[in-house]
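This is the structure I want to talk about, given as structure tokens.
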Amino acid sequence: MSAVVRLVVNGHPVEVPAGASVAAAVAQVTLRFRRSVDGAPRAPLCGMGVCFECRVQVDGVAHVRACMTPASEGMQVVADA
Amino acid sequence: MREHYDVLVVGAGPAGLAAAQAAASRGARVGLLDAQPRAGGQVWRHDVRLPAPRAARRAIDKLQGVEVLVRHSVVAAEPTALRVETPQDSRLLSFGALVLATGARELLLPFPGWTLPGVTGAGGLQALAKQGWPVAGKRVVIAGSGPLLLAAADTLRKHGAQVLGIFEQASADAVRSFAWQLRQWPARAWQAAGLRLRLAGVPYRFGSFVREAVGDDAVRGVEIETPRGVQHVECDLLAAGYGLVPNTELASLLGCALDDADTHPRVQVDSLLRTSVANVHAAGESCGIGGLAVARIEGAMAGLMAIGDTAAASAWMPQRDRERRFDALLARHFTLDPRLRTLADDQTPVCRCEDVRLGALAGFGDARAAKLATRCGMGACQGRICGAALAELGRFPRGAARPPVFPARLATLAGLATLPSDAYRGS
Ligand SMILES: Cc1cc2nc3c(=O)[nH]c(=O)nc-3n(C[C@H](O)[C@H](O)[C@H](O)COP(=O)(O)OP(=O)(O)OC[C@H]3O[C@@H](n4cnc5c(N)ncnc54)[C@H](O)[C@@H]3O)c2cc1C
Ligand code: FES
């Protein structure tokens, strides 16, 4: 396993340490993870899978909790989708 | 697919790891489940940049004869089986005995600006930093209550953050008295002293709390109420947590009796960690907030009970009782200032999933009526954040958990015996 993982967040190439979460990768690009029901920007709150504020789209799958998902090579992530 | 285990342990934190090891050491088939991608739970969460503490390495790497099932979320329960969802599929795992080691989460309270990106829990930002979240060079304000604020500050500094200050809501007298009483637990006292030494350059202020976070699309600063008036601090991140509350949703679904059910419920156990349901045991912070030492002891006890070795489990009782006395010390000294309950105004969203503002809840006396009328607590977190917050604010008692305990895919839900009509929404 290489020491870094390369993935794409909102079209930007990003590198994170192996074992990092998708949340860590998204944070390098934007703090707008999702939009609330009223349209306000939202970002991770709990860091441990309970608040669901970190939901993003990962490889075409919507509503994935970024803090619970390990970043993997070549992943395509869309935040604030 | 239905797989059978003699013992299933839910939660791979210190309690669950100890339970699984104890049960497996006598030859039982043991499955250790956790929704997280790695074992370790909260305190032993894997850090992408820093080495793990020795005790964590020993507990995780030396685990023998245990099937560790990570990224397995328990979403529902039947009397002798758990419905589990993985990123790929859903499975039904049946068990002879069950150990609930589901741990705790942070108590997060609403205040104006708490929904701004960059505002997190205190343990929350610590967890994110361990996952590789970029904090190096960031100006961080840490606020809230309890010893976790210091642990979070320490981790964040090791990751290169500039911690501007730790603002503890408890009074200086309360914190001093806590530190003095801590001498009854020498290991904890040493740990605390080490932390304070490492954080020597960081201001630690008492009787102080964040009134408001300000910013447009992210937090830019905070207004802090201190005994000497309001202070404005510019920052890049605010990490605010008000202590911990046990995760009891799964226990509640299994029908286990809970203590303090109206406020911050804990799983009710007897002196040998049996819940009110036969063959279901509970250990660690799901039974009350007491920290790492008690989690490890109770884990070992519950694992032994799960394989029927009551004698070996009983041998741990004096040590367990001694460690559990720490709970009361913690609760007494870090009691929340009533002013924290008045920070949110009518415009402050309390239910972050559905954007329900505090003002919209006026006139409702219970969570169920408010939920039906306003959708408060109906979103993806299923009331984990707003339910605990509203109970703390004295608004409504907590509602009971319903299946699934986490939002699940339709294919998973199709396997459930009973299903409320709104189960899928928000997942
Ligand atoms: C964010 C946070 C940070 C903390 N940091 C520290 C620290 O730095 N130092 C310290 O001394 N204490 C810390 N604590 C306190 C800590 O909780 C305890 O010291 C210790 O981790 C408790 O151990 P446990 O085994 O009871 O629970 P935990 O360690 O909380 O483990 C519970 C596990 O159960 C899993 N789980 C829960 N429900 C389900 C489900 N339905 N399906 C599958 N898995 C599930 C969770 O994913 C979790 O991994 C922290 C607490 C929190 C919430
Ligand atoms: S940050 Fe709360 S669920 Fe991911």
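The values are calculated or read from the model by the stated rules, or taken from the named source; none is laboratory data. Bear in mind that the values here come from a model prediction, so they are computed numbers and not experimental data. Don't worry about glycine lacking a Cβ; one is built from the backbone with ideal geometry, like all the others, and counts go over all protein chains shown. Heads up: the accessible areas ignore ligands, DNA and RNA and are worked out on the full protein's heavy atoms, side chains in. Shrake-Rupley method; radii C 1.70, N 1.55, O 1.52, S 1.80 Å.
Test A:VAL9 against the stated conditions and say whether it is more than 10 Å from ligand 2 (Cβ to nearest atom), touching a residue at least 12 places away in the same chain (Cβ under 8 Å) and open to solvent by less than 40 Å² (accessible area, probe 1.4 Å).
Numbers: more than 10 Å from ligand 2 (Cβ to nearest atom): yes; touching a residue at least 12 places away in the same chain (Cβ under 8 Å): yes; open to solvent by less than 40 Å² (accessible area, probe 1.4 Å): yes.
It is true that A:VAL9 is more than 10 Å from ligand 2 (Cβ to nearest atom), touching a residue at least 12 places away in the same chain (Cβ under 8 Å) and open to solvent by less than 40 Å² (accessible area, probe 1.4 Å).
For the stretch B:260-351, give me every one of the helices (runs of 4 or more DSSP H) that falls completely inside it and has 2 or more residues that are outside the structural domain of B:VAL99 (by TED's automatic domain parsing) and more than 19 Å from B:GLN21 (Cα to Cα). Step through it out loud before you land on a result.
Details: elements: B:292-306, B:310-314, B:317-333.
Because the criterion is at least 2 residues that are outside the structural domain of B:VAL99 (by TED's automatic domain parsing) and more than 19 Å from B:GLN21 (Cα to Cα), the helices (runs of 4 or more DSSP H) in the stretch B:260-351 that meet it are B:317-333.
For the stretch B:373-383: of the residues being within 16 Å of ligand 1 (Cβ to nearest atom) and open to solvent by less than 10 Å² (accessible area, probe 1.4 Å), which is nearest to the chain's Cα centre (by Cα)?
B:CYS381
Taking B:GLN126 as the residue in question, decide whether it is open to solvent by 10 Å² or more (accessible area, probe 1.4 Å) and facing chain A (nearest Cβ under 10 Å).
Values: open to solvent by 10 Å² or more (accessible area, probe 1.4 Å): yes; facing chain A (nearest Cβ under 10 Å): yes.
So B:GLN126 passes the test.
Any residue at all in the stretch A:47-63 that is away from ligand 1 (no atom under 16 Å from the Cβ), over 8 Å from the mean Cα position of the chain (by Cα) and either open to solvent by less than 30 Å² (accessible area, probe 1.4 Å) or of a type in the set (Val, Ile, Thr) (or both)?
Yes, the stretch A:47-63 has at least one match.
Do we have B:ALA56 as within 16 Å of ligand 2 (Cβ to nearest atom), of a type outside the set (D, E, K, R) and either within 14 Å of chain A (Cβ to nearest Cβ) or surrounded by fewer than 23 Cβ atoms within 10 Å (Cβ to Cβ) (or both) here? Please lay out each step first, then the result.
Numbers: within 16 Å of ligand 2 (Cβ to nearest atom): no; of a type outside the set (D, E, K, R): yes; either within 14 Å of chain A (Cβ to nearest Cβ) or surrounded by fewer than 23 Cβ atoms within 10 Å (Cβ to Cβ) (or both): yes.
So B:ALA56 fails the test.
Exactly one condition in (1) hydroxyl-bearing (Ser, Thr, Tyr); (2) under 10 Å from the mean Cα position of the chain (by Cα); (3) facing chain B (nearest Cβ under 7 Å) is false for A:SER36; which is it?
The single condition A:SER36 does not satisfy is (2).
Which of the residues belonging to the stretch B:86-143 are assigned to a loop (DSSP other than H, G, I, E, B), of a type outside the set (D, E, K, R) and more than 16 Å from ligand 2 (Cβ to nearest atom)?
Going residue by residue through the stretch B:86-143, those that are assigned to a loop (DSSP other than H, G, I, E, B) are B:86-89, B:101-103, B:107-118, B:121, B:131-138.
Narrowing the set further to residues that are of a type outside the set (D, E, K, R) leaves B:86-88, B:101-103, B:107-118, B:121, B:131-137.
Hits for the stretch B:86-143 are B:THR86, B:GLN88, B:ALA101, B:PHE111, B:PRO112, B:GLY113, B:ALA136, B:GLY137.
Let me ask something additional. Is it true that B:ALA331 is of a type in the set (Gly, Ala, Ser) and within 16 Å of ligand 1 (Cβ to nearest atom)?
Details: of a type in the set (Gly, Ala, Ser): yes; within 16 Å of ligand 1 (Cβ to nearest atom): yes.
So B:ALA331 fits the description; yes.
Also: Quick check on my filter: what residues within the stretch B:172-185 are open to solvent by 40 Å² or more (accessible area, probe 1.4 Å), within 14 Å of B:ARG322 (Cβ to Cβ) and within 25 Å of the chain's Cα centre (by Cα)?
B:GLN181
Under the condition of being open to solvent by less than 30 Å² (accessible area, probe 1.4 Å) and of a type outside the set (Gly, Ala, Ser), which residue from the stretch B:10-38 is nearest to the other protein chains (Cβ to nearest Cβ)?
My answer is B:GLN36.
Which condition does B:ALA261 not pass, out of (1) modelled with pLDDT of 95 or more; (2) of a type in the set (A, V, I, L, M); (3) out of contact with any Pro (no Cβ under 6 Å at 6 or more places or on another chain), if it passes all the others?
Every condition holds for B:ALA261 apart from (1).
Which one is nearest to the other protein chains (Cβ to nearest Cβ) among residues in the stretch B:321-356 that are of a type in the set (Ser, Thr, Tyr) and open to solvent by 30 Å² or more (accessible area, probe 1.4 Å)? Reasoning before the result, please.
First, pick out the residues of the stretch B:321-356 that are of a type in the set (Ser, Thr, Tyr): B:335, B:342, B:348.
Adding the requirement that they be open to solvent by 30 Å² or more (accessible area, probe 1.4 Å) leaves B:335, B:342.
Numbers: B:THR335: 23, B:THR342: 21 Å.
Among them, the one singled out is B:THR342.
Of the residues B:VAL43, B:VAL48, B:VAL70, B:VAL7, only one is farther than 20 Å from A:ALA23 by Cβ, at pLDDT 95 or above and not assigned by TED's automatic domain parsing to the domain that holds B:PRO134; which?
Details: B:VAL43 fails: farther than 20 Å from A:ALA23 by Cβ; B:VAL48 fails: farther than 20 Å from A:ALA23 by Cβ; B:VAL70 fails: farther than 20 Å from A:ALA23 by Cβ.
None of the others qualify; the one that does is B:VAL7.
Next question, about the same structure. Checking A:PHE33 against (1) open to solvent by 10 Å² or more (accessible area, probe 1.4 Å); (2) within 11 Å of ligand 2 (Cβ to nearest atom), only one condition comes out false. Which one?
(1)
Consider A:SER21 against the criteria (1) polar (S, T, N, Q); (2) under 10 Å from the mean Cα position of the chain (by Cα); (3) more than 7 Å from chain B (Cβ to nearest Cβ): it satisfies all of them except one. Which criterion is unmet?
Result: A:SER21 fails condition (3) only.
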